[in-house]
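Just below is one structure, and these are the notes that go with it.
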Amino acid sequence: MKMWDGRFSKPSDRLMEQFNNSLPFDEALIEEDITGSIAWAGALAGIGVFTRDEYDLVVRGLQEILQEYRGGTITFSSQDEDVHMAVERILIERIGDTGARLHTGRSRNDQVATDTRLYTKKALRALCGLVKGLQEAILFRAKNDLVIIIPGFTHLQQAQPILLAHYWMSFFFILERERSRLAHALKTADIMPLGAGAMAGSGFAVNRDKLADELGFASVSENSIDAVSSRDFLLETLATIASLGIHLSRYAEDLIVWSSREFGFVELDDAWSTGSSMMPQKKNPDSLELIRGKSGRFLGNYTRFATTLKGIGLTYYKDLQEDKEPLFDSVTHISMVLQVFTQVLATLTIREERIRNDLDPFLLATDLADYLVRKGMPFRQAHKVIGRVVGFCVENDLVLDSLSVERLQTFSELFGSDVTEIFSWQGAIDRRTVQGGTGMKSVKQQIAKAEGLLQQ
């Protein structure tokens, strides 16, 4: 028997019941549903719908249902089409008509919107904490790897020498922006729809400000139509998770390449690697590959729900039931991704000698052009001169720092004996102390800035 079947002359088809049923996934909202129902019961008591004893009876009944659910002893019925109806049915079976009055002035429309916002707020707070934990691991790496010089890459080609710590700090600051996006999504979700009813507002004058305070919302919805129909907070959450997943995927890709035999810059800890069922020598960076792969999952969840939402008018349509699975899935998997990446970084081994041996003197070509600029040559001319120098080295199988001053002077008379000072990895780093650059002073400033951000 359904709670809404008074108008119908025959029961739903069994396939329709299966098609309509959301309990298998929305039971994840049971804690939020019961929290909201307890607050709603208090609001009804405040306007005389419940006596004090009746209110206490409802609260005890709801708390017992939650305890039994946590203990795995609750039994749902095949007639329970969602978690909201399941909780209400069980409550009514246990306390009778008192329980049947709990839904007074409330609709499943504002109820589910409230539950979903409560869940989303909790999830976003947890994700902010996990991002911060990953940032702490990055900061550990930056401090630990502070003096290591690596080749920086553009187009996967060696470009300029940088401090490894500078690379790590780029990861930190992009995550800081992601953390700010999560915080904004939390602000967007922090609006209480309870009391909006089906779409026109509750027919009972409950104190919504008091309800919002009890449920921990910053404010109440200003418009009942908006309250039950809007899911922009979910779009923002899913989009933010997708953005976070994309950026985690990019750094995972670098580390996957760096862990290959051809690069050999890093080695993953055995705890975060896997082997091959056929090839006994293999050590695969599957933790990072899964991080990279799950970015597609997050994008898919955003696209899935955005596509659903774009065709829905106002106010509530059953299509909105499709909001929860992508939300739950993205939250679950981004949480794992963040935790795994944190441990991968914390346990990573940097192979300093291999990195040092891989530094190509051509990395200093830009420094050599800058040398000519400091001698008075326009940069575009200097660029061409050094291009010819590099071409000469390639044609004659020479390395850049093997050229004598006399040989360099055949390309430009501006080269002097001091040009040999350019052929220094540390010198190249020290010349980039500009704010935000890879110089040691700059990187230390970045680390100090990061420490301050984590304390806020």
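Surface composition of the chain: carbon and sulfur atoms hold 51% of the protein heavy-atom accessible area at a 1.4 Å probe.
Shown in residue order for segment 296-303 are the 3J(HN,Hα) couplings computed by the Karplus curve 6.51 cos²θ - 1.76 cosθ + 1.60 at θ = phi - 60°: x, 4, 5, 4, x, 5, 5, 4 Hz (x for Gly and Pro). Averaged over its residues, segment 316-450 has an accessible area of 52 Å² per residue, based on protein heavy atoms and a 1.4 Å probe. With a threshold of 21 Å on the Cα-Cα distance, the over-threshold entries among K121/K318; K187/K449; K143/K283; K132/K444; K143/K441 are K121/K318; K187/K449; K143/K283. Please report, to two decimal places, log10 I(q)/I(0) for segment 332-456 at q = 0.11 Å⁻¹ as given by the Debye formula with identical point scatterers on the Cα atoms and no solvent. The calculated log intensity ratios at q = 0.11 Å⁻¹ are -0.58. Ordered from longest to shortest, the equivalent ellipsoid semi-axes for the chain are 62, 22, 19 Å, each the square root of 5 times a Cα gyration tensor eigenvalue.
Straightening the chain between F204 and F140 buys 17.5 nm, computed as 0.36 nm per residue apart minus the Cα-Cα spacing. In a fully extended conformation the segment linking Q426 and A218 would gain 69.7 nm over its present Cα-Cα distance, using 0.36 nm per residue.
Expressed as a whole percent, how much of the Cα-Cα distance distribution for segment 305-363 exceeds 15 Å? Summing the P(r) tail past 15 Å for segment 305-363 gives 71 percent.
Report summary: the helix-based calculation at 222 nm, which adds -39500 (n - 2.57) for every DSSP H run with n ≥ 4 and divides by the residues of the chain, gives -20000 deg cm²/dmol.
Along the chain, the exposed loop sites are GluC sites (Glu not before Pro) outside DSSP states H, G, I, E and B with at most 16 other Cβ atoms within 10 Å, and the longest stretch free of them is 1-221. Surface analysis of segment 41-129 yields an accessible area of 41 Å² per residue, using protein heavy atoms and a 1.4 Å probe. Geometric descriptor of segment 313-399, per residue, is 281 Å³ (volume of the convex hull of the Cα atoms). Altogether, the Stokes-Einstein calculation at 37 °C and 0.692 mPa s, with the Kirkwood radius of segment 1-104 over Cα pairs as Rh, returns a diffusion coefficient of 227 µm²/s. Given a Förster distance of 35 angstrom, what is the FRET efficiency for K318 paired with D56, based on the Cβ-Cβ distance and rounded to 0.05? Using R0 = 35 Å, I get an efficiency of 0.50. For the residues L314, L91, a 1.4 Å probe over the protein chains yields an accessible-area ranking, largest first, of L314, L91. Enclosing the Cα atoms of segment 133-273 in their convex hull gives a volume equal to 158 cubic angstrom per residue.
Averaging the sequence gap over all C-alpha pairs within less than 8 Å and six or more residues apart, then dividing by the number of residues, gives the chain a relative contact order of 16 percent. Global dimensions of segment 366-408 from alpha-carbon coordinates: Rg and Dmax equal 10.4, 30 Å. 3J(HN,Hα) along segment 27-35: 5, 4, 8, 4, 5, 5, 5, 6, 4 Hz, from the Karplus curve 6.51 cos²θ - 1.76 cosθ + 1.60 with θ = phi - 60°, whole Hz, x for Gly and Pro.
If you plug the beta carbon distance of K375 and L454 into 1/(1 + (r/R0)^6) with R0 = 45 Å, you get a FRET efficiency near 0.55.
For M192, the residues 5 or more places off, or on other chains, whose built amide H falls under 5 Å of its own are S219, V220, S221. Taking amide H positions as modeled 1.01 Å from N, with prolines and chain starts lacking one, the residues under 5 Å from I149 and 5 or more places away or on another chain are L164.
Taken over the alpha carbons of segment 271-333 as equal point scatterers, the Debye sum produces base-10 log I(q)/I(0) values at 0.23, 0.26 Å⁻¹ of -0.93, -1.04. Stretched out straight at 0.36 nm per residue, the stretch from I246 to Q339 would grow longer than its current Cα-Cα span by 31.9 nm.
Projecting the Cα positions of V399, L215, V228 onto the charge dipole of the chain (unit charges on Cβ atoms of Lys, Arg, Asp and Glu, taken about the Cα centre) puts V399 furthest along the positive direction. Label positions at R94 and R70, each projected 7 Å from the Cα along the C-beta direction, are separated by 1.3 nm. Karplus-based coupling profile of segment 122-128, in residue order and whole Hz: 4, 5, 5, 4, 5, 5, 4, with θ = phi - 60° in 6.51 cos²θ - 1.76 cosθ + 1.60 and x standing for Gly or Pro.
Where the centroid of each part is defined by its Cα atoms, how far is segment 108-148 from segment 385-420 in Å? For segment 108-148 versus segment 385-420, the Cα centre distance is 51 Å. Centre-to-centre separation between the Cα atoms of segment 336-365 and those of segment 71-105: 55 Å. Using a simple spin-label model with pseudo-atoms 7 Å out from Cα toward Cβ, Q409 and I225 lie 8.4 nm apart. Once the Cα atoms are used to define both axes, helix 83-95 deviates from the longest principal axis of the chain by about 40 degrees. Between L398 and R304, the modelled label-to-label distance comes to 6.1 nm, taking each label 7 Å out from Cα in the direction of the beta carbon.
The values are calculated or read from the model by the stated rules, or taken from the named source; none is laboratory data. Given the structure is predicted, the values throughout are model-derived calculations rather than measurements. Using ideal geometry, Cβ is built from the backbone for each residue, glycine included, and neighbour counts are taken over all protein chains shown. Please note that ligands, DNA and RNA were not included when accessible areas were found on the heavy atoms of the full protein model with its side chains. Shrake-Rupley method; radii C 1.70, N 1.55, O 1.52, S 1.80 Å.
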